[in-house]
1. Tell me the GluC sites (Glu not before Pro) within region 17-113 that lie in a loop according to DSSP and have at most 16 other beta-carbon atoms within 10 Å.
2. Express the carbon and sulfur contribution to the solvent-accessible surface of region 49-149 as a percent, rounded to the nearest whole number, probe 1.4 angstrom.
3. Ile16: net charge of surrounding residues, Cβ under 14 Å, Lys/Arg +1, Asp/Glu -1, itself excluded?
4. Among the lysines in region 7-138, how many pairs, 8 or more places apart or on different chains, have alpha carbons under 17 Å apart?
5. Using the heavy atoms of the protein chains alone and a 1.4 angstrom probe, what is the accessible area of region 70-149 per residue in square angstrom?
6. Give the relative contact order (percent, whole number) for the chain; include only Cα pairs under 8 Å separated by 6+ residues.
7. Give the range of the longest stretch in the chain that excludes all chymotrypsin sites (Phe, Trp or Tyr not before Pro) found in loop regions by DSSP and having at most 16 other beta-carbon atoms within 10 Å.
8. For every helix of n ≥ 4 consecutive DSSP H residues, a contribution of -39,500 (n - 2.57) applies; sum these over the chain, divide by its total residues, and give [θ] at 222 nm rounded to the nearest 500 deg cm²/dmol.
Amino acid sequence: KNDLKLQLAGNVSQNITDSIQKAGLKNQLVLLGYVDHDNAVQLMNNSQVLLLIEIDKPETKAIIPGKTFEYIASRRPVIAIGPEGSDIKGLLDESGSGNYFNYNDDQLKSKILELYNIYKKEALTGNEKPIDNYHRKELTKQLVQILES
């Protein structure tokens, strides 16, 4: 608790802030509100671990927020939470950028503890796998190829 600073940028639902307060982490929470893209990227790059949350509904499993690619580009470890069968999981697995958990996954807590212990040893490193395939230019090129075929 003393080593945690939870910064949330953008629109954050009241359910999320209530849950954080209920967990006793009110003093660790910093609500940044809207930040422009450059500041968002800077925040990502300066973070130890990035959190990506998707709504736990079957219809959101095919949604991939744009920030997912920004998270991959930051090379910081990502913890993502969302619905079963989400496409986000495939991206994180394929890129080596982080771990994906369902809302009721018992392994989430142990992963957070693992990352925390690595952080305390000052050994928390970012992803070193090639990620060129996830840059906007490359993704656009792939889309053009699909549309032309």
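1. Glu84
2. Carbon and sulfur atoms account for 53 percent of the accessible area of region 49-149.
3. -1
4. Within region 7-138, the lysine pair count is 10.
5. Solvent-accessible surface per residue comes out at 67 Å².
6. Worked out over the chain, it gives 18 percent.
7. 35-102
8. The helix-only estimate for the chain comes to -12500 deg cm²/dmol at 222 nm.
The values are calculated or read from the model by the stated rules, or taken from the named source; none is laboratory data. Note that the structure is predicted; figures quoted are calculated from it, not measured. A quick note on method: Cβ atoms are made from the backbone with ideal geometry, for glycine too, and the neighbour counts reach across all protein chains shown. Ligands, DNA and RNA are stripped out before the accessible areas are found, and what is left, the full protein with its side chains, is counted by its heavy atoms. Shrake-Rupley method; radii C 1.70, N 1.55, O 1.52, S 1.80 Å.
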